[in-house]
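Let me begin by presenting the structure, written as structure tokens, before commenting on it.
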Amino acid sequence: KQEVTQIPAALSVPEGENLVLNCSFTDSAIYNLQWFRQDPGKGLTSLLLIQSSQREQTSGRLNASLDKSSGRSTLYIAASQPGDSATYLCAVGRASYDKVIFGPGTSLSVIP
Amino acid sequence: KAGVTQTPRYLIKTRGQQVTLSCSPISGHRSVSWYQQTPGQGLQFLFEYFSETQRNKGNFPGRFSGRQFSNSRSEMNVSTLELGDSALYLCASSHDTMNTEAFFGQGTRLTVV
């Protein structure tokens with residue numbers, strides 16, 4: 001059974017710091033991995049999608065890597081800003097009845 | 001380009017009632033997935049529809065059902081509501097079933113009293 005975990009569960013950093021969020025999954029047979037952010041009470045905003053054949057994706061200050069063999073993905077946020085404060089979720093996509101499995105999320109707080 | 005639209009945004013229902021939620025995907029997207037989000041269980045996959053057919057279903061009781069119309073709009077129905085059904089219900093659309101980016105709506109907040 002695929003399980004997705006995220007470390008840390010919560011993170012508080014001063015503005016300007018670079019930070020890394022971690023996502024781990026137990027079954028490497030995945031199609032893709034997607035990172036989202038969620039603001040309180042709102043829907044999910046897609047940040048980056050990494051296909052299983054890719055190693056990383058970049059968008060602005062965000063960089064996501066994928067290592068299927070070790071079952072890990074990292075989301076790197078450069079020069080963090082208070083507007084980055086949100087919950088970040090990773091989701092593993094695969095071809096089975098439970099098509100997409102989400103991690104529990106990392107709650108990020110960037111202090112001005 | 002319009003995003004994913006979910007209606008209504010908020011609902012309050014009584015135990016035993018039934019409810020129907022609606023999701024309009026991004027134009028051109030044929031895959032619609034539904035998720036339930038609760039503080040205790042996180043985000044859980046309910047089901048996915050592609051071209052009016054249910055392609056995948058999560059581990060939820062039969063009280064949860066859905067359908068998709070020819071214009072790709074989807075509805076989700078929950079019958080005989082229970083207090084534990086209180087949650088944020090999210091809908092996601094994507095171009096295809098695999099290897100494509102999913103875009104989420106703002107969700108419907110259902111409260112069962």
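The values are calculated or read from the model by the stated rules, or taken from the named source; none is laboratory data. Computed from a predicted model, the values in this text were never measured in an experiment. Please note: Cβ atoms are built from the backbone with ideal geometry, for glycine as well, and neighbour counts cover all protein chains shown. Note: areas computed on protein heavy atoms with side chains; ligands, DNA, RNA excluded. Shrake-Rupley method; radii C 1.70, N 1.55, O 1.52, S 1.80 Å.
Within 15 Å of A:VAL4 (Cα to Cα) and either without any contact (Cβ under 8 Å) to a residue 12 or more places away in the chain or not basic (Lys, Arg) (or both), is that true of A:ILE101? When the stated conditions are applied, A:ILE101 passes them.
When only residues in region B:58-72 that are touching a strand residue (DSSP E or B) at 6+ places or on another chain (Cβ under 9 Å), open to solvent by less than 70 Å² (accessible area, probe 1.4 Å) and on the phi < 0 side of the Ramachandran plot count, which is farthest from the other protein chains (Cβ to nearest Cβ)? Show your work before the answer.
Here is the first cut: in region B:58-72, the ones touching a strand residue (DSSP E or B) at 6+ places or on another chain (Cβ under 9 Å) are B:58-60, B:63-69, B:71-72.
Going one step further and asking which of them are open to solvent by less than 70 Å² (accessible area, probe 1.4 Å), we end up with B:58, B:60, B:63-66, B:68-69, B:72.
Cutting the leftovers down to on the phi < 0 side of the Ramachandran plot gives us B:58, B:60, B:63-66, B:68-69.
Details: B:GLY58: 6, B:PHE60: 11, B:ARG63: 18, B:PHE64: 14, B:SER65: 16, B:GLY66: 14, B:GLN68: 15, B:PHE69: 21 Å.
Ranking the qualifying residues of region B:58-72, first place goes to B:PHE69.
Just so you know, in region B:18-46 the residues that are touching a residue at least 24 places away in the same chain (Cβ under 8 Å) and of a type in the set (A, V, I, L, M, F, W, C) include one that is farthest from A:VAL100 (Cα to Cα), and it is B:VAL19. If the condition is being farther than 13 Å from A:PRO82 by Cα and among the β-branched types (Val, Ile, Thr), then region A:10-42 contributes A:VAL20, A:THR26, A:ILE30. Just name the residue that is surrounded by the fewest Cβ atoms within 10 Å (Cβ to Cβ) out of those in region B:47-57 that are touching an Asp or Glu at 6+ places or on another chain (Cβ under 9 Å) and of a type outside the set (Lys, Arg). The residue in question is B:GLN54.
Within region B:1-40, the set of residues being touching an Asp or Glu at 6+ places or on another chain (Cβ under 9 Å), open to solvent by 40 Å² or more (accessible area, probe 1.4 Å) and assigned to a loop (DSSP other than H, G, I, E, B) comprises B:ARG15, B:GLY16, B:ARG30.
Would you check which residues across region B:73-88 are open to solvent by 20 Å² or more (accessible area, probe 1.4 Å) and either small (Gly, Ala, Ser) or at pLDDT below 95 (or both) and list them?
Let us first name the residues in region B:73-88 that are open to solvent by 20 Å² or more (accessible area, probe 1.4 Å), namely B:73, B:75, B:77, B:79-80, B:82-84, B:86.
Residues satisfying the conditions are B:SER79, B:GLY84, B:SER86.
Checking A:PRO40, A:PRO82 one by one, the residue that is open to solvent by 40 Å² or more (accessible area, probe 1.4 Å) and closer than 20 Å to B:TYR35 by Cβ is A:PRO40 and no other. A Cβ distance below 9 Å, combined with a sequence gap of six or more or placement on separate chains, defines the contacts here; from region B:101-113, residues that are crowded, with 20+ Cβ neighbours inside 10 Å reach residues that are among the acidic types (Asp, Glu) in the pairs B:LEU110/B:ASP85. Remark: A:SER52 matches the filter, which requires a residue to be hydroxyl-bearing (Ser, Thr, Tyr) and within 13 Å of chain B (Cβ to nearest Cβ). Set side by side, the residues B:ARG67, B:ARG15 differ, and just one is without any contact (Cβ under 8 Å) to a residue 40 or more places away in the chain and farther than 23 Å from A:PHE36 by Cβ, which is B:ARG67. The residues on offer are A:LEU62, A:LEU89, A:LEU11, A:LEU21, and the sole one that is surrounded by 14 or more Cβ atoms within 10 Å (Cβ to Cβ), touching a Phe, Trp or Tyr at 6+ places or on another chain (Cβ under 6 Å) and more than 13 Å from every other protein chain (Cβ to nearest Cβ) is A:LEU21.
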